[in-house]
Structure formats: structure tokens, C-alpha cells
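The values are calculated or read from the model by the stated rules, or taken from the named source; none is laboratory data. Bear in mind that the values here come from a model prediction, so they are computed numbers and not experimental data. Positions of Cβ are backbone-derived with ideal geometry, glycine not excepted, and every protein chain shown enters the neighbour counts. In case anyone asks, the SASA skips ligands and DNA or RNA and just uses the protein heavy atoms, side chains included. Shrake-Rupley method; radii C 1.70, N 1.55, O 1.52, S 1.80 Å.
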Amino acid sequence: MTRYVDTPCTAPLRASELTVGDQVLERTVRLTRADLIAYAGASGDHNPIHWSDRIASEVGLPGVLAHGMLTMGQAASCVASWAGDPARVVALATRFSAPVVVPDPGEAVLTVAASVKAIEGDQVTLALSVTQEGASKPVLGRATAVVDLSEGRA
């Protein structure tokens, strides 16, 4: 199932402790075919491109693909973990820019990183980078998250 590897990044107590450009998060996410099956069951998205090599090949895909919302959810989970409470994540936006191919056997290795894009009071906007090991372009494009670091949110 999904495994995470973190760098030692922890959320600051206050937005005032951050500077635009600070890298605040880097996490490795490993997705397997078992993760895709579990997500399909939870989401109700049983499209065979997410589990069948034959179907994926027949429709011209490079292999079985992770669900886009699963990929975005993994990024959101990383941000929520950094923030210390999912309720602190008040906005998330992205575009899907490249598919995540999940080999079998094996796993897709994603890197989720975040840097401070803007600070307005207690709200911090993070620029997210989500890449797949061995891929030529980012998985998510224009990805941002807004995190509220005010005292009452944690």
C-alpha cells in the first residue's frame, strides 16, 4: 500500500516564521497497483485503465494509470500532514499535466514538494511540485495550496 518517506520538515507555529521561497515540504510517495484497486473501491471509479494493462494498451496509454484524484489527494495529504491538521488546508488547486504510470510489478515513485509562494497574515500559499521518478514532466501543474496557520486552526 501507499508508503511515505519524509524529509525532516515540520510546520512552523506562525506564518511570520516563513519567508517567500522557503521549501517547507518534501515527501516521497510510492503507489502500487494495490493502491489503485483500493482507491477504485473507495471512489467508485472502476475504469479498467486503472487496473488492466490490456485495456490501457488498447486505448493507447503507456500503461495502467493512477487515478488523477488519487494523485491530487496524495499531494493534499502531504500538505495536511505538514500543516498538522487537515482543517488548516483551506484551498487546493491544480491541473493534471501528466499521467502517473504504475508498473506491475513495481511501484510509481512520486515526489511531492512545497515552497512558500505568498504570505498574507496567517495564510500561507504553497507552490506544489509533484513529479514522478523517470518522467519528463510534472504530474500536476499550477498546483497550489493555501494553509491557515492561525492559532485557532490547530
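Across all Cα pairs in segment 105-154, the calculated P(r) in 10 Å bins from zero up to the longest distance comes to 24, 38, 24, 12, 2 percent per bin. Taking amide H as placed 1.01 Å from N in the peptide plane, V24 has its amide H under 5 Å from the amide H of A114, S115, V116, each at least 5 places away in sequence or on another chain.
Three semi-axes describe the equivalent ellipsoid of the chain; taken as square roots of 5 times the Cα gyration tensor eigenvalues and ordered largest first, they are 31, 14, 13 Å. The calculated FRET efficiency for A38 paired with E151, based on their beta-carbon distance and R0 = 30 Å, is about 0.25. Counting protein heavy atoms only, segment 59-154 has 52 percent of its accessible area on carbon and sulfur, 1.4 angstrom probe. Shape analysis of segment 51-91 yields a ratio of the Cα radius of gyration to the Kirkwood radius, Rg/Rh, of 1.27.
With protein chains left intact and a 1.4 Å probe, residues in segment 106-154 average 47 Å² of accessible area per residue. Taking amide H as placed 1.01 Å from N in the peptide plane, the amide H of A135 sits under 5 Å from none that are at least 5 places away or on another chain.
Please get the size of the charge dipole for the chain, origin at its Cα centre, with Cβ charges of +1 on Lys and Arg and -1 on Asp and Glu, quoted in debye to the nearest 20.
For this selection, approximately 220 debye.
Taking all Cα pairs closer than 8 Å and separated by 6 or more residues, the relative contact order of the chain comes to 28 percent.
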